[in-house]
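This report refers to the structure that appears directly beneath it.
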Amino acid sequence: TYPRYEIVLIDHESKEKHARKVLAEAASAGHRIVPATGPFNFADLVNRGVAHAAGDFVCLLNNDISVITPDWLEELVSHALRPGIGAVGAMHYYPDDTIQHSGVVLGVGGVASHAHKDFKRGSEGMLNRARLVQNYSAVTGATLLIRRDLYLDVGGFDEDALGVAFGDVDFCLRLRQRGYRTVWTPFAEFIHHESASRGDDLRPERREAFTREVAEMEERWGHLLYRDPAYNTNLTLRKDDFSLADSPRSGERFE
């Protein structure tokens, strides 16, 4: 519903007939198509997109996202305009109407996981957290809006060490180091057909790279991964459901 936007599409060796048709139609409509080749590197692709963007704000938006909320762009920008706010994230649902993302919680499952994953759409979550605008330590890069100058100032996503799995979490934590808060809003809603175009990062040929990124995140952010300031230390790191831990954490890796 907000008319002043541009679309920059990063074409990473698209071969499917439908994808080529979509790209051709986008080019005919005046949208910018930026080609990219080589091994898949999500961090590199989004950095390329930001480099070609002209707006004051940039929104990273996966190709497996469907919009629900017509005024989603106004909602995200309204928070990114606020002093001290860095990245802004949105509510994502799976196609079966369960929550896919309502913010990122550090340490759950190892490095990080999505808050309220698999909760029913419309549920209140933990103490109404699935319904309220709030701070999180990170949000997913599948829908992430930020001031373009701030994105560039922080250095964008890390293409070298975190090219696939955790670049968005690392990016938000680097923003936090500089004093910027990451905000999540439930009032910008999307369907996320997660990994629909790429497949699972835990397939055998990708598992090694994923393992390297886990080790990198533990090396960089181990002091935070098990004491997320947006997640109570009495809650579990073993599941995504905000259930109680066996015992409170005091900074060690295991509960």
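Computed quantities for the displayed model
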read-out	value
Those residues of segment 157-171 which are surrounded by fewer than 20 Cβ atoms within 10 Å (Cβ to Cβ) and hydrophobic (A, V, I, L, M, F, W, C), in sequence order	ALA161, VAL164
Spans of helices (runs of 4 or more DSSP H) in segment 10-121 with at least 3 residues touching a helix residue (DSSP H, G or I) at 6+ places or on another chain (Cβ under 7 Å) and under 19 Å from VAL139 (Cβ atoms)	42-52
Residue satisfying condition, being open to solvent by less than 80 Å² (accessible area, probe 1.4 Å) and touching a residue at least 60 places away in the same chain (Cβ under 8 Å), within set LEU45, LEU76	LEU76
Segment 93-102, residues that are within 17 Å of the chain's Cα centre (by Cα) and farther than 11 Å from ASP240 by Cβ	TYR93, TYR94
Residue match in segment 88-105 (condition: in contact with a Phe, Trp or Tyr (Cβ under 9 Å, 6 or more places away or on another chain), open to solvent by less than 20 Å² (accessible area, probe 1.4 Å) and free of Cβ contacts under 8 Å to residues at least 40 places away in the same chain)	yes
Among residues of segment 170-182, those that are among the hydrophobic types (A, V, I, L, M, F, W, C) and more than 14 Å from PRO229 (Cβ to Cβ), counted	1
Whichever residue in segment 134-145 is in contact with a helix residue (DSSP H, G or I) (Cβ under 7 Å, 6 or more places away or on another chain) and of a type outside the set (S, T, N, Q) and, among such residues, is surrounded by the fewest Cβ atoms within 10 Å (Cβ to Cβ)	GLY141
Test: residue in segment 30-39 that is open to solvent by less than 60 Å² (accessible area, probe 1.4 Å), free of Cβ contacts under 8 Å to residues at least 24 places away in the same chain and on the phi > 0 side of the Ramachandran plot	yes
Options ARG181, ARG174, ARG148; residue that is charged (D, E, K, R), touching a helix residue (DSSP H, G or I) at 6+ places or on another chain (Cβ under 7 Å) and open to solvent by 50 Å² or more (accessible area, probe 1.4 Å)	ARG148
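The values are calculated or read from the model by the stated rules, or taken from the named source; none is laboratory data. Note that the structure is predicted; figures quoted are calculated from it, not measured. Using ideal geometry, Cβ is built from the backbone for each residue, glycine included, and neighbour counts are taken over all protein chains shown. Surface accessibility is based on the protein's heavy atoms, side chains included, excluding ligands, DNA and RNA. Shrake-Rupley method; radii C 1.70, N 1.55, O 1.52, S 1.80 Å.
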